[in-house]
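Since the structure comes first, as structure tokens, the remarks are kept for the end.
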There are 2 protein chains.
Amino acid sequence: MASSSSLTLSQAILSRPSIPRHGSSQQLHPASIPSFSGLKSISSSAAAAASLSRRRSAAVVRHPVIASAAVETLEKTTETELVEKSVNTIRFLSIDAVEKANSGHPGLPMGCAPMGHILYDEVMRYNPKNPYWFNRDRFVLSAGHGCMLQYALLHLAGYDSVQEDDLKNFRQWESRTPGHPENFETPGVEVTTGPLGQGIANAVGLALAEKHLAARYNKPDNEIVDHYTYVILGDGCQMEGISNEAASLAGHWGLGKLIAFYDDNHISIDGDTEIAFTESVDTRFEGLGWHIIWVKNGNTGYDEIRAAIKEAKSVTDKPTLIKVTTTIGFGSPNKANSYSVHGSALGAKEVEATRQNLGWPYEPFHVPEDVKSHWSRHTPEGAAFEAEWNAKFAEYEKKYPEESAELKSIITGALPAGWEKALPTYTPESPADATRNLSQTNLNALAKVLPGLIGGSADLASSNMTLLKMFGDFQKNTPEERNVRFGVREHGMGAICNGIAHHSPGFIPYCATFFVFTDYMRASMRISALSEAGVIYVMTHDSIGLGEDGPTHQPIEHLASFRAMPNILMFRPADGNETAGAYKVAVLNRKRPSVLALSRQKLPQLSGTSIEGVEKGGYTISDNSSGNKPDVILIGTGSELEIAAKAADELRKEGKAVRVVSFVSWELFDEQSAEYKESVLPAAVTARVSIEAGSTFGWGKIVGSSGKSIGIDRFGASAPAGKIYKEFGITAEAVAAAAKELI
Amino acid sequence: MASSSSLTLSQAILSRPSIPRHGSSQQLHPASIPSFSGLKSISSSAAAAASLSRRRSAAVVRHPVIASAAVETLEKTTETELVEKSVNTIRFLSIDAVEKANSGHPGLPMGCAPMGHILYDEVMRYNPKNPYWFNRDRFVLSAGHGCMLQYALLHLAGYDSVQEDDLKNFRQWESRTPGHPENFETPGVEVTTGPLGQGIANAVGLALAEKHLAARYNKPDNEIVDHYTYVILGDGCQMEGISNEAASLAGHWGLGKLIAFYDDNHISIDGDTEIAFTESVDTRFEGLGWHIIWVKNGNTGYDEIRAAIKEAKSVTDKPTLIKVTTTIGFGSPNKANSYSVHGSALGAKEVEATRQNLGWPYEPFHVPEDVKSHWSRHTPEGAAFEAEWNAKFAEYEKKYPEESAELKSIITGALPAGWEKALPTYTPESPADATRNLSQTNLNALAKVLPGLIGGSADLASSNMTLLKMFGDFQKNTPEERNVRFGVREHGMGAICNGIAHHSPGFIPYCATFFVFTDYMRASMRISALSEAGVIYVMTHDSIGLGEDGPTHQPIEHLASFRAMPNILMFRPADGNETAGAYKVAVLNRKRPSVLALSRQKLPQLSGTSIEGVEKGGYTISDNSSGNKPDVILIGTGSELEIAAKAADELRKEGKAVRVVSFVSWELFDEQSAEYKESVLPAAVTARVSIEAGSTFGWGKIVGSSGKSIGIDRFGASAPAGKIYKEFGITAEAVAAAAKELI
């Protein structure tokens, strides 16, 4: 794996760019290496580009043709030549794929190829023929636009998912090499990235998962869980708030096996980072409790990169940020170190110039035989890693049958038989309660039977009611526990849960905040949905029913906004049975996230609600009509189902035939058969009234052109909840009156 | 204003809490002051609470009854006694209001009363009788839950908006003292806070606005723009990613007149910040380029607070973070320094104990006469500030008529006469173009006539097409320019624009990213809508039409999600005329934000589109029927309006009477008269087909129960745009086929 150098590795540390320690990098290597081997300016435009970046100008030195004599004083071994050839293979596979697609981002792969090579060829443990081998090291490309880097690496490493034809189909319809890394398209890709900052937060989740499982299941004689999480992030990721949230937690939790490479190339889409990003990232990460290493020459400083990784591994109580200064588009004589190489194909002429510059005589998509042969060892090596681990697990299973059964369930995703019996049920006589409290009952019941259930709240545990009473807090020194304290970091929380979910199929991460603050984490929730991460979002205080906190805290449009999102289940349970039903469906849906909108206020246990009903999304809870021909159908969700039921009581007293329907999950109802739908909402009955304390947007489809929707199409207000309900007309009287107009 | 001490103020700096410099605080004051005057533990539970916080345990010393002898060695002047009385007035007004409402957050006001007092009584320049006086210092309570602090201060300062009855109606229906600060409810409140982290980002926007206007309009002989922006933020704000984004920009821009007080009380809702927030905030802010001062005794260290503000003002090239260590719920013997005092009323018994503890003999809501009299000077003082400034402006106006006309327009919000003539118009013969490019034409045309137009993109200026070509970049040393480079910080960008909008009515801030990344900034966009900030959101790459970047970058549910949000205009213009129309409405709507969804791809200039049509939200662009009875109505938006028009051409060839309707803004259409609506969508015509490259969610109401909606109810895909359109069935053929089924 890494070199066997016995040097004092802390000498490579450089936490402040303003105090370069040239001595340290010299001590790291037997021969003197220039502190930065960038690109020599061989044209006036490249010179202009280089001088743009004031912070780097002093470092831009040396010869452009890396393959010949870029590193002056280091005597090259055959091995180093091969490494450079492999690195250039990665560069040109990326260049060629982007060129063929005439679309994509060549700049990052060209700059990050050296660290990519070292990670996949020298450092990481994985089995290319089984991308899902449990104990593999995880890699996340947080700067997802540079996905050709990862595709090239997966290709070289022998993953079946990325073959030559896949590279040639980069960014094409139904290819396995889409425009950004997508775990659901490409085995070997762990998570879905592209939206900046998500990946580093996913990586925090992956590293949390490893630390948790290791603490729970490792034994002194058998460390069955033991892998690293690597991530590459760029300037864009660093600017996003989500990355600071996640990095703060990673530091707090002391995730020592998280190693992040910061591709410090000083270029973002709008140009030099000077125009918008002049903070000291090093100092910030120091404040966040990370260990920081600076690799000053990310373009050719292979030994520096190796030494940094070794040092990072030696620091076990902190995550490490390896700042790797690179040249975006390294090797392109006229476009390197400029934004023009970030997100567009180089163009035929510049590709040719780059081939000349890097001494690359091959056809597009060609992998030289010696490079191919060098990488071919990963197939047998990976198989051996897995076989070795399997043997270890067999021993573990023998010696620790209980633990191994649990761990197996987390590894495979197979839910323990009969788990759903743990779900509580209620009768109308059961005491009224807030669905947030009922949610806690469910969570605590499920925690006993689902070993992969883990989660927490964004500093609202006692309001969201998410504490698992039988467990302590997941913390730096108690990582075996299952209550995660996310702090007020909703966006990071969602993305961390995505990482946990994608670590192993049996993880069931849940996270919580007030429903209105899904606005803070919507980007990570969308990635749950897109990347098929079955996260459970426990979202309390789901309407004006929260009262005095007022409109900043009262969701209005949020139900509609999630109903419109693909592949996510939006639940608004009305009582205990419906809350249990929502949890049942949520647990079963491991490839589809669920959002549970829960009340702050007490709600009665209604007659007619059921877990089975919830599974159908919409169902009749009471009906005094016959022949599927009620006079009117009243449709409610959550806290307003009670109001619909009350209105029905009134109308029935007046002799009307009234059906009350709970519409707890629109998505599930959509999936039912036409017959079932007709049995709940017969086409002939157009007298329909919906009531929901939220936007009426979208209800038109349910109640039809003749129906009426009672809801709230304005922002809320600060006052006691009952007062707001009354003033906003969310009342049984309003429902009854609307119904009478339609009958 | 502040004390006249001539001490070297940098001695008060303490950037690292781990290296306390006791010497420095002694040098700041003539007499020795204990480094921290906290609360003595007078009950076992308070002792337990105090010991909870490991980081502070050494500092918790001294006597609980502040009014008697808490500060041992400092000889008290009458003035200091009065200050303490005023501070306790603030505390008890807060306690009493929360108690009466039995709802609210007493902890922060009790802890932050000293800094609040000093700001409003000693430091800030404002006119209570004209809360909108242009040159006032701005104050933002980013920790908005502590709003009783601000209400108490506004009350004491003489603002008519917060009278005794308002305090007594805290958190009640239609009161001017809602549960979180809302600028649209309470004159004197600058912005709407509560969702954590928004306020500090708003404050960055306010400070940006000041720096920009000062650079543009100040003259050597007349500094007509000259105020500070103060903000109080808590641990919760600090944990949110948005605050890091905004703080990074504030440091980058060198906003020297931004002074932030970090209420460092170590308590968040879930308990001690130890459980989730152990980063060094000081070090992080150092990395972000801020000046940092630590006030170790925020509870009684009045001189320390004063000195810190003076020092902050002396640092003109950096924003300052004053970390003020306080005790949450200071004065409450049994609840101080615990989460229990954060968000609930103290309860009658503890209120009484606190009265005893702080020596407060008064009835609830009582303001002692000497305190009242002391504060009464702010009314004449404020009037004098404004009068003085008015005189200065009169001089300015005489000497600099052009500049003063512009500035006046920004101050008053009166748009220059005839501005709308700058809007471009198009004919079907005008060249096809992407609406993002047409948007840039509009922005550049408007920048010439609207002095308050200022904005930029989150590192996508060349993709969003947002550069104002006649201006340079707003930067630290060129703040008079109008292109703002936000970096990849969407959430911060939105909130900064809210701050700019609320600085002066004539500011028209715009900001940009890809439409899908509204998910990153939705919380700030919602606050634009709620707080009536007329920000223009320029959102390009608005559908699968962006092609190869794939599903992470392709919005699907986003149109629906904004159509469901109250008080925001969602536009999806189809061509040049519609883009101009969207800008016209957006500019006119100064109290309602607008979102423009714009295409990456070229679109033809359509026949029948118009600015006037856009103003109605939905309108007919072509029709070959008569008597308001078309066979079918085809409804499209944006890039799909062309497809609807093509389908109409086909159907008309087959002899059908077809109306094509552009539904560019649902909200505006909703506001039209019933007659107008009937003229566009006659109730009798139920054959309606909608087409939009996004979720069909919500279209049910427009097309009705018999209509059909062609859209995309799944995530997108990575491929060339044309291919995706075809594979997803977003085609003229599909529209024509659907229409034929209905006719």
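The values are calculated or read from the model by the stated rules, or taken from the named source; none is laboratory data. If you're wondering where the values come from, they're calculated on a predicted model, not measured in any experiment. For neighbour counting, all protein chains shown are included, and Cβ atoms are generated from backbone atoms with ideal geometry for every residue, glycine included. Note: areas computed on protein heavy atoms with side chains; ligands, DNA, RNA excluded. Shrake-Rupley method; radii C 1.70, N 1.55, O 1.52, S 1.80 Å.
Any residue in segment A:160-182 that is of a type in the set (V, I, T) sitting within a Cβ distance under 7 Å of a residue that is open to solvent by 50 Å² or more (accessible area, probe 1.4 Å)? List the pairs, counting only those 6 or more apart or interchain.
If the second residue must be open to solvent by 50 Å² or more (accessible area, probe 1.4 Å), the pairs left are A:V162/A:R176; A:T177/A:N169.
So in segment A:700-743, with the set limited to residues that are closer than 30 Å to B:C147 by Cα and open to solvent by 70 Å² or more (accessible area, probe 1.4 Å), which one is farthest from the other protein chains (Cβ to nearest Cβ)?
Of segment A:700-743, the ones closer than 30 Å to B:C147 by Cα are A:711-730.
Still in the list and also open to solvent by 70 Å² or more (accessible area, probe 1.4 Å): A:713-714, A:723, A:726-727.
Values: A:D713: 6, A:R714: 5, A:K723: 5, A:K726: 9, A:E727: 6 Å.
Among those that are closer than 30 Å to B:C147 by Cα and open to solvent by 70 Å² or more (accessible area, probe 1.4 Å), it is A:K726.
Are any of the residues in segment B:687-696 of a type in the set (D, E, K, R), more than 8 Å from every other protein chain (Cβ to nearest Cβ), open to solvent by 30 Å² or more (accessible area, probe 1.4 Å) and under 19 Å from B:E557 (Cα atoms)?
No: zero hits.
Residue pairs, Cβ under 7 Å, 6 or more apart or interchain, first in segment A:481-502 and touching a residue at least 24 places away in the same chain (Cβ under 8 Å) and at the interface with chain B (Cβ under 9 Å from one of its Cβ atoms), second part of a loop (DSSP other than H, G, I, E, B) and surrounded by fewer than 24 Cβ atoms within 10 Å (Cβ to Cβ). List them.
Filtered contacts from segment A:481-502: A:G487/B:F277.
Restricting the search to segment A:631-653, which residues are open to solvent by less than 10 Å² (accessible area, probe 1.4 Å) and either over 37 Å from the mean Cα position of the chain (by Cα) or modelled with pLDDT under 95 (or both)?
Of everything in segment A:631-653, those that are open to solvent by less than 10 Å² (accessible area, probe 1.4 Å) and either over 37 Å from the mean Cα position of the chain (by Cα) or modelled with pLDDT under 95 (or both) turn out to be A:V632, A:I633, A:L634, A:A644, A:A647, A:A648, A:L651.
Output the residue which, of all residues in segment B:170-225 that are surrounded by fewer than 23 Cβ atoms within 10 Å (Cβ to Cβ) and within 10 Å of another protein chain (Cβ to nearest Cβ), is nearest to the chain's Cα centre (by Cα).
Looking at residues that are surrounded by fewer than 23 Cβ atoms within 10 Å (Cβ to Cβ) and within 10 Å of another protein chain (Cβ to nearest Cβ), I get B:F184.
Take the residues of segment B:587-619 that are touching a Lys or Arg at 6+ places or on another chain (Cβ under 7 Å) and in a loop (DSSP other than H, G, I, E, B): which is most open to solvent (accessible area, probe 1.4 Å)?
Top of the filtered list is B:R600.
Answer yes if at least one residue in segment A:139-155 is over 16 Å from the mean Cα position of the chain (by Cα), in contact (Cβ under 8 Å) with a residue 24 or more places away in the chain and surrounded by fewer than 24 Cβ atoms within 10 Å (Cβ to Cβ), and no otherwise.
No, every residue in segment A:139-155 fails to be over 16 Å from the mean Cα position of the chain (by Cα), in contact (Cβ under 8 Å) with a residue 24 or more places away in the chain and surrounded by fewer than 24 Cβ atoms within 10 Å (Cβ to Cβ).
Which of the residues belonging to segment A:234-281 are among the polar types (S, T, N, Q), crowded, with 24+ Cβ neighbours inside 10 Å and closer than 26 Å to A:T316 by Cβ?
If the condition is that a residue be among the polar types (S, T, N, Q), crowded, with 24+ Cβ neighbours inside 10 Å and closer than 26 Å to A:T316 by Cβ, then A:Q238, A:S243, A:N244, A:S248 are the ones that fit.
Kindly check whether there is at least one residue in segment B:241-250 that is away from chain A (no Cβ under 14 Å) and in contact with a Leu (Cβ under 6 Å, 6 or more places away or on another chain). Can you show your working first?
Within segment B:241-250, the first condition is being away from chain A (no Cβ under 14 Å), and the residues that meet it are none.
No.
Of the residues in segment A:624-653, how many are in contact with a helix residue (DSSP H, G or I) (Cβ under 9 Å, 6 or more places away or on another chain) and in a helix (DSSP H, G or I)? Talk me through it step by step, then tell me what you get.
Quick first cut of segment A:624-653, residues in contact with a helix residue (DSSP H, G or I) (Cβ under 9 Å, 6 or more places away or on another chain) only: A:624, A:628, A:631-651.
Okay, now just the ones that are also in a helix (DSSP H, G or I), so A:638-651.
Residues that pass the stated criteria total 14.
So the check is Cβ under 8 Å with 6+ separation or different chains; which pairs have a first residue in segment B:97-118 that's within 14 Å of chain A (Cβ to nearest Cβ) and a second one that's of a type in the set (F, W, Y)?
Every condition considered, the pairs that remain are B:A97/B:Y151; B:A97/B:F170; B:A97/B:F365; B:V98/B:F170; B:K100/B:F170; B:A101/B:F170; B:G104/B:F170.
Conditions first: (1) farther than 24 Å from B:C497 by Cβ; (2) open to solvent by 60 Å² or more (accessible area, probe 1.4 Å); (3) touching a residue at least 60 places away in the same chain (Cβ under 8 Å). B:H374 passes all but one, so which condition is the exception?
Every listed condition holds for B:H374 apart from (2).
Can you tell me which residue among A:L438, A:L443 is buried (at least 18 other Cβ atoms within 10 Å of the Cβ), under 27 Å from B:S344 (Cβ atoms) and more than 27 Å from the chain's Cα centre (by Cα)?
Numbers: A:L443 fails: more than 27 Å from the chain's Cα centre (by Cα).
On inspection, the qualifying residue turns out to be A:L438.
Determine whether A:W290 is more than 28 Å from A:I411 (Cβ to Cβ), in contact with a Leu (Cβ under 8 Å, 6 or more places away or on another chain) and either more than 9 Å from chain B (Cβ to nearest Cβ) or open to solvent by 10 Å² or more (accessible area, probe 1.4 Å) (or both). So that I can check it myself, show each step before the final result.
Details: more than 28 Å from A:I411 (Cβ to Cβ): yes; in contact with a Leu (Cβ under 8 Å, 6 or more places away or on another chain): yes; either more than 9 Å from chain B (Cβ to nearest Cβ) or open to solvent by 10 Å² or more (accessible area, probe 1.4 Å) (or both): yes.
For A:W290, the condition - more than 28 Å from A:I411 (Cβ to Cβ), in contact with a Leu (Cβ under 8 Å, 6 or more places away or on another chain) and either more than 9 Å from chain B (Cβ to nearest Cβ) or open to solvent by 10 Å² or more (accessible area, probe 1.4 Å) (or both) - is met.
In this structure, is B:D317 more than 14 Å from chain A (Cβ to nearest Cβ), open to solvent by 10 Å² or more (accessible area, probe 1.4 Å) and charged (D, E, K, R)?
So B:D317 does not fit the description; no.
Please verify whether A:A574 is within 14 Å of chain B (Cβ to nearest Cβ), out of contact with any Phe, Trp or Tyr (no Cβ under 6 Å at 6 or more places or on another chain) and assigned to a loop (DSSP other than H, G, I, E, B), treating the condition exactly as stated. Before the answer, list the steps.
Details: within 14 Å of chain B (Cβ to nearest Cβ): no; out of contact with any Phe, Trp or Tyr (no Cβ under 6 Å at 6 or more places or on another chain): yes; assigned to a loop (DSSP other than H, G, I, E, B): yes.
No; evaluated as a whole, the condition is false for this residue.
Read through the list (1) surrounded by 23 or more Cβ atoms within 10 Å (Cβ to Cβ); (2) at positive phi, then give the number of the only condition that B:I328 fails.
(2)
Among the residues of segment A:654-682, write down those that are assigned to a loop (DSSP other than H, G, I, E, B), more than 14 Å from every other protein chain (Cβ to nearest Cβ) and open to solvent by 10 Å² or more (accessible area, probe 1.4 Å).
A:E654, A:G655, A:K656, A:A657, A:Q672, A:S673
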